[in-house]
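Right, I'll just put the structure down here and ask away after.
Only the coordinates and a few stated rules stand behind these numbers; no lab work does. Quick caveat, the model's predicted, so the values are computed rather than measured. A quick note on method: Cβ atoms are made from the backbone with ideal geometry, for glycine too, and the neighbour counts reach across all protein chains shown.
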Amino acid sequence: MDKILGIVFTNRLMRTIFYFFYSRYLIKKYAYKRPKFEDRDILERIIFPYVLARFNPKRILDIGREDYQWFYNEFFIGRELWTIDINPERQEFGAHNHIVDDVANLKKHFKDNYFDFIIMNGVFGWGLNDKEAIEKTFASIYDILAPEGIFVFGWNDVEDLTPVPIKNIKALQQFKPFYFKPLKSNTFKAKNGGHTYNFYIK
Ligand SMILES: C[S@@+](CC[C@H](N)C(=O)[O-])C[C@H]1O[C@@H](n2cnc3c(N)ncnc32)[C@H](O)[C@@H]1O
């Protein structure tokens, strides 16, 4: 299987075709029903397939895991996937390489420039709420992301889930905004809950 994937992954057109169909297969098989352009639809149907096809990331970090996300591991088959969550009960939904710890401690676990793709969705404002820990987390994400690596930051643009205004987070300003072609912007607000995706490149 790994050999076949290795061949498919070498060519961008083949990856694009593969992830178009594979993402739809995974969604149909495992995902709960959701309207188009709801946050999770965007993540699974648009963001993951595009990042995987366009950047072919070898090492991926997914921060924060809920029960409805256990099948996300399947998106990243044939790649080195890591997950981290502060809650030990979430370990069973994580990747084979899972860490139970506060995301603010990322630098304890990874060396600089390690990951090609990092996603942190629904953690800021959902536990990651302390101002210092927020700065430390984004600074660490920047450090452990490889040059030209992609960082997708999903958050809820509503007052009670925004512990610090995004524009005031100093460590985030190190990243360059990345124009995410399928969504025609470097930031995209979903149809529900003010859920917003910001796209960055190092
Ligand atoms: C609302 S859930 C969202 C998770 C998921 N990434 C998603 O896309 O829906 C928030 C998750 O973040 C985890 N979390 C909250 N604060 C954290 C922190 N400081 N470090 C690591 N994980 C944290 C929680 O345990 C929970 O599993």
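If you take every DSSP beta bridge whose two residues both sit in the chain, what share of them, in percent to the nearest 5, is antiparallel?
40 percent
Could you compute how fast the chain diffuses translationally, taking Rh as the Kirkwood radius over C-alpha pairs and applying Stokes-Einstein at 37 °C with viscosity 0.692 mPa s? Give it in µm² per second. Display every interim value, and only then the final one.
Working: Rh = 17.2 Å.
Here the translational diffusion coefficient equals 191 µm²/s.
Now for a separate question. For Lys36 and Val158 in one chain, what is 0.36 nm times their gap in residues minus the Cα-Cα distance, to one decimal in nm? Let's see the in-between values first.
Values: separation 122, 0.36 × 122 = 43.92 nm, distance 2.09 nm.
Contour length minus Cα-Cα distance gives 41.8 nm.
Please give the Cα centre distance for region 169-193 versus region 96-146, rounded to the nearest Å.
What the calculation gives is 17 Å, centre to centre.
Related question: To the nearest 0.05, what FRET efficiency results for Glu80 and Lys28 with a Förster distance of 41 Å applied to their C-beta separation?
Here the calculated transfer efficiency is 0.95.
Sort largest first and round to whole Å: the equivalent ellipsoid semi-axes of region 91-202, each the square root of five times a Cα gyration tensor eigenvalue. If you can, show how the numbers build up before the last one.
Details: eigenvalues 85, 61, 44 Å².
Three semi-axes, in Å: 21, 18, 15.
With 10 angstrom as the radius, rank Ile169, Ile63 by how many other C-beta atoms surround their C-beta, starting from the fewest.
Final ranking by Cβ density, sparse to dense: Ile169, Ile63.
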